Structure formats: C-alpha cells, structure tokens
Amino acid sequence: MTHLNKTLLFLTLLCWGNLFAQTPERKPGEALVQLQQGVSLPTFMANLRSLSFAQFDKPVAESWGMYKVRINEAFGQPETLLQQLRNLPGVRAAQWNHKTEVRNTEPNDTEWWRQENMTLINAPEAWDASTGGLTPNGDTIVVAILEKGAFRTHSDLIENWWFNWKEIPNNNKDDDNNGYVDDYDGYDADPHNNNTQVTSVNHGTSVNGIIGARGNNGAGVTGVNWRVKLLNVSNTVYVDEIIAAYQYVGNARRRYNQTNGQEGAFVVATNASFGIDYAKAEDYPLWCAVYDSLGAVGVLNVCATINSNVDVGVQGDMPTTCPSEYMIAVTNVDRLGNKVTGAGYGATHIDIAAPGQDVYTTRVNFDANPPTPTYGNAGDGTSFSTPHVSGSIALLYSLNCDKFASDALTDPSAAARRARDIILEHVIPETSLEYITTTGGRLDLAASVSAVRSICDGNVGPLEILEVKGTFGRGPLQVTYQTPDFEPYQVRIFNALGQLVYEEEITPLQFSVNQYQFDYHNLPAGAYFFTLGRDQDQVVEKFLKI
C-alpha cells in the first residue's frame with residue numbers, strides 16, 4: 001500500500017476505525033465495510049452476492065465509501081464470516097458494528113463500589129474535570145485536618161500525607177525557622193507530645209480518608225480529592241490546643257503567600273469534626289475570631305455541627321454558630337440524601353449537608369498486633385459529612401480557571417470567599433433541609449465544578465469541533481473545539497486526496513474557550529479536512545480554500 005493510500009485510509013476511518021472496538025459488545029449480524037478507492041457501489045454489491053451469508057443494508061458514510069452489511073451468523077463462526085467479507089474484491093476494510101460506552105471517571109480502587117457517599121455528591125462527574133492535587137500554577141493543594149490523631153502510615157493515606165521537607169525530623173531543631181520544632185509530618189497542638197501519628201485513634205484516620213485517600217491506585221477506597229496533601233494537626237481537644245492548631249495552619253499559609261510559594265503550605269481549607277454541644281458563640285470570642293484570621297490569609301474552615309436534632313441558633317453549638325464568612329457549617333444526610341434526624345440544623349447558622357451515614361473509608365484494625373490498615377464504615381455523624389466539603393473545596397482549586405483562583409496569593413481572602421460561594425450556591429435542593437439551613441440543600445461537587453467552568457466560559461464535554469471560521473482563505477482558519485480532558489491532542493489537515501499537509505500537537509486549556517488558528521493562505525485552492533483527536537477518538541470537519 002502506498003503512503004497516499006495509507007493516509008487516505010486513516011482519514012476515512014477516523015470516525016469509525018477503532019471507535020467501536022473498545023468494547024466487545026456489538027449488534028449481532030451487522031458489519032461495516034469500506035470500499036477501496038475507485039470501487040463503485042454497484043460493483044461492490046455484485047461482488048457481495050457471491051457471499052451467501054451477506055446482504056447489503058444501507059450507506060453509512062457514502063462519501064468515504066462506508067456501508068453497512070447484514071451477516072447471517074448461522075453460516076459459520078462470526079470471525080470467519082467477517083474475514084471472508086474482508087477478502088471480498090474491492091473491500092478495503094471491514095469490522096463489526098460495536099457499541100460504545102458512556103465515559104466517566106471512576107477510580108479503580110477495589111472498594112470503590114462501596115462508596116455510595118461519593119456518588120451522592122456527584123463526585124464521578126466532577127472527576128471528569130479534575131481529580132485534584134495541584135493548582136494550574138503548580139501549587140500543592142493542602143487541607144489541614146484537626147483531629148486527635150491519625151494513622152498516617154495507612155497505605156491509602158501515606159502517599160497524600162503532607163510533609164515539611166525543609167524540616168529534619170526528630171533533631172529537636174527548628175530547621176526551617178518557621179517557629180516550630182520538628183514539625184516534619186504535621187503539628188502536635190499538645191506541647192507535651194510530638195506525635196501526629198496517634199495509633200489509638202480511628203476517627204481521624206477515617207476523616208483523612210474521606211478527604212484524600214489516594215484515588216485510582218488499584219486498592220482500597222478513594223477520597224473526594226485523589227491527590228490532595230493532608231496536613232494533620234493532632235491533639236486538638238481543648239480550646240487552647242484548637243487555637244494553637246489553627247494558628248499553625250494560618251502561619252503556614254501566610255508564609256506561603258508572602259514567599260510566593262517558596263515556604264509554608266498552600267492550605268485552602270481546614271476540617272474540624274469536633275465541637276461543644278449547646279455552647280454559645282458569645283462565650284468563645286477567641287475561638288470564633290480565628291476563622292476571620294484564617295480567612296484573611298485564604299483559608300476556608302469547614303466545621304461539623306452537633307449530632308442532635310436541635311436548632312443550633314436556639315440551643316447553641318460550637319463552633320458552627322461562630323459568625324464568620326470564612327466558616328462553612330455542615331450537617332448530615334443519609335444515603336438517600338435526606339437529613340439525618342440526629343443532626344443539628346439552623347436557618348442562619350448551618351449552611352449545607354453532606355453524607356455522613358455509614359461512610360465507607362479508611363480504618364485501622366486495632367485487634368492486630370501491631371495495628372494494621374484496613375477499611376470499613378466510619379459510623380454515623382456530622383464528623384464524616386464535613387470532610388466531603390473540605391475535600392471539595394480543595395478540588396475546586398485544582399481547576400485550571402484563571403478567573404477563579406489566580407489571585408489566591410495576591411488576594412487570598414477574595415479567593416477563599418469565591419470558593420465558599422461556589423460550594424454554597426450550587427447545592428442539590430433537598431426538602432428535608434429547606435428552611436433549616438442557609439442553602440436548603442446538600443453538597444453537589446459536579447455542580448460546583450460546572451459553575452467554575454461557567455466562570456471561565458470554557459468548553460468541556462465530548463470531543464467535538466464546535467465552529468470553523470474563515471473557510472474561504474481570508475485570514476487564518478479559526479476552529480473552536482471542546483475536549484473531555486486536557487491532555488495533548490493531534491491536529492492534522494488533509495487535502496481531498498487524503499494527503500497530509502499539516503500536523504501539530506496541541507494541549508487544550510482547562511476551562512477556557514479552546515480555539516485553534518491555522519494560516520492556510522499558502523495552500524492551493526480546494527477542499528480540505530481538519531481533524532482533531534487522539535488515538536481512536538477523532539473528529540473531522542471539512543473546509544474550503546478558494
């Protein structure tokens with residue numbers, strides 16, 4: 001086969017070639033054929049009559065010489081019959097009429113099927129856009145978790161654990177001059193301890209897993225954010241320890257802002273799955289004040305409300321009654337999305353709900369010696385609702401949208417409020433939450449991601465050429481397109497004979513309008529084909545040069 005014929009074959013098979021071969025399911029008795037160049041349809045139909053098991057059906061893409069043929073599979077083995085069709089004079093290629101599958105991003109973690117909570121917040125749809133980790137500028141996104149401790153060596157957490165690489169562990173020195181000694185793998189708020197890995201606590205291990213268990217690693221479960229870094233601050237039991245913990249987080253983010261990312265940590269959210277039942281905010285002015293201080297440096301704070309069916313505005317709760325625009329108060333919904341009876345509410349204090357009933361995530365088996373990592377239901381409570389929201393905030397920062405978080409270092413408080421507004425303004429309405437929360441709904445991660453897309457006027461979706469302008473040679477050819485992901489794609493331009501006249505690799509911009517321009521004034525007059533794709537996924541658009 002000549003180079004010209006190979007190129008023409010590539011062009012004509014772009015939309016059909018291997019697209020349907022990605023799954024074994026097919027329509028029985030249906031095959032697709034492409035004729036060799038110059039072979040007429042009557043000639044092909046005459047040749048087809050020599051096959052007693054085959055019958056012409058209809059054109060599929062006649063300009064490309066593609067037709068559908070009916071195959072009576074009772075005449076023999078299907079692949080043998082298909083091969084006979086391929087061997088027929090005038091046939092360039094033949095294949096079965098396979099069925100395609102809708103694509104979405106689900107992790108390959110072995111226990112993923114148990115995680116109904118992720119489906120409830122529409123996480124798989126959000127993961128089509130991003131699975132987290134880094135901002136577009138390369139900042140490592142961090143969530144700070146205030147807990148009594150966590151089992152950091154859990155195999156599904158250790159890869160995402162935050163480490164202060166500028167600190168030398170256990171040398172009793174402040175190596176990075178940040179004011180803290182030996183804060184290598186987190187910070188212990190109890191000055192009498194220095195152990196962020198408290199092996200007797202399962203609660204913090206589960207909270208960490210919901211936020212950021214390593215996703216798509218072929219084992220266990222996945223978190224809301226597959227690659228976020230988990231900065232653990234342990235022994236946050238008393239209010240002084242809580243305030244000290246928050247100060248550590250605030251100092252780390254402030255330092256990051258001031259050094260343009262050279263020092264500190266890019267903490268975008270804190271998670272607090274604790275509180276004081278029936279406490280009044282006016283009795284805790286110092287505690288409440290920390291949320292505005294953290295917001296000033298760009299940190300949103302997500303807090304769990306009481307696990308009792310009470311109006312916190314009347315009965316009280318700390319910290320969810322603190323009056324700060326940098327704090328999101330979370331209550332609990334069950335597997336069906338309904339408010340759990342034993343969960344706090346409040347029309348002016350509780351903002352949103354998230355799943356917290358029988359959440360399957362990372363756990364520790366303390367019956368083993370030594371304790372071993374495992375998985376299981378964390379239990380019921382707002383403690384496990386809150387990390388869904390914390391992880392979602394972190395995921396938004398990973399979206400490549402210059403209008404959303406480009407000012408995260410220069411105007412961090414504005415960026416934090418923007419993230420808060422996106423989360424709270426795009427919820428799934430829920431009647432059991434109506435009038436008893438500020439939003440009347442539960443977390444919808446996919447809707448929040450779509451809202452960021454709207455901010456950036458982006459095009460994301462199935463691979464498609466949306467518009468072609470300048471099709472007569474006046475000015476550059478301008479092609480507007482959309483892609484389902486943001487990996488490199490190949491642009492190719494063919495003439496009417498199937499000859500490749502131009503080729504280039506392009507990388508789509510995430511959540512921006514993707515346009516490609518090509519100066520084609522030197523091309524001879526005629527018809528051309530613009531193709532965009534990668535591997536088996538290809539789209540084609542014809543244009544003219546006159």
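Remarks
- Adding -39500 (n - 2.57) for every DSSP H run of four residues or longer, then dividing by how many residues the chain holds, sets the calculated 222 nm ellipticity at -7000 deg cm²/dmol.
- Each residue in S155, S390 was given a count of other beta-carbon atoms within 10 angstrom of its own, and listing them fewest first yields S155, S390.
- Contact order, relative form, for region 464-545: 34 percent (alpha carbon pairs under 8 Å, 6 or more residues apart, mean separation divided by residue count).
- Ratio Rg/Rh [Cα only; Rh per Kirkwood] for region 106-170: 1.01
- Between E487 and S293, full extension at 0.36 nm per residue minus the direct alpha carbon distance yields a gain of 66.0 nm.
- With R₀ set to 45 Å, the beta-carbon distance separating Y435 from K173 gives a calculated FRET efficiency near 0.25.
- Crossing angle, helix 203-212 versus the chain [Cα axis fit, 0-90 degrees, rounded to tens]: 30
- Surrounding net charge for P508, when Lys and Arg each add one and Asp and Glu each subtract one, Cβ distance under 10 Å: -2
- Full-extension gain in nm, E282 to K469, via 0.36 nm per residue minus C-alpha separation: 61.1 nm
- Nearest 10 degrees, 0 to 90: helix 3-12 Cα axis against the chain principal axis: 60
- In the chain, the DSSP beta bridges split such that about 70 percent are antiparallel, to the nearest 5.
- Note on Q478/D311: beta-carbon distance plugged into 1/(1 + (r/R0)^6) with R0 of 60 Å gives a FRET efficiency of 0.55.
- Label selected from (1) 197; (2) 387; (3) 147, the criterion being volume of the Cα convex hull per residue in Å³ as computed here: (1)
- Here the scattering of region 474-532 is modelled by Debye summation over its C-alpha atoms, one equal scatterer each and no solvent; at q = 0.13, 0.16, 0.21, 0.31 Å⁻¹ the log10 of I(q)/I(0) is -0.37, -0.54, -0.86, -1.41.
- Per-residue Cβ neighbour rank within 10 angstrom, fewest leading, F404, F543, F163: F163, F543, F404
- Ranked list, fewest to most other Cβ atoms within 10 Å of each Cβ, for E325, E467, E541: E467, E325, E541
- The residue among Y489, L433, P462 whose Cα reaches farthest toward the positive pole of the charge dipole of region 415-496, with charges on the beta-carbon of Lys, Arg, Asp and Glu, is Y489.
- Stretching R49 away from K542 to a fully extended chain increases their span by 174.0 nm, per 0.36 nm per residue minus the current alpha-carbon distance.
- Residues V239 and T259, FRET efficiency given R0 of 22 Å [Cβ-Cβ distance, rounded to 0.05]: 0.15
- Charge dipole (the chain, unit charges on Cβ, about Cα centre) - positive-most of V359, S390, N72: N72
- Degrees between helix 412-425 axis and first principal axis of the chain (Cα, 0 to 90, nearest 10): 70
- Each of R70 and R335 was given a label point 7 Å from its Cα along the Cα-to-Cβ line. The distance between the two points is 4.7 nm.
- Debye-sum result for region 19-159 in log10 I(q)/I(0), which assumes one identical scatterer on each alpha carbon, at q = 0.13 Å⁻¹: -0.71
- Projecting the Cα positions of T348, N251, Y284 onto the charge dipole of region 221-358 (unit charges on Cβ atoms of Lys, Arg, Asp and Glu, taken about the Cα centre) puts N251 furthest along the positive direction.
- Residues whose amide H falls under 5 Å from that of V228, counting only those 5 or more places apart or on a different chain, are G133, with hydrogens built in the peptide plane.
The numbers here are math on the coordinates, done by the rules we state, and not lab data. Predicted model, so just to flag it, every value in this text is computed and none were measured. All Cβ positions, even for glycine, are placed from backbone atoms using ideal geometry, and neighbour counts span all protein chains on display.
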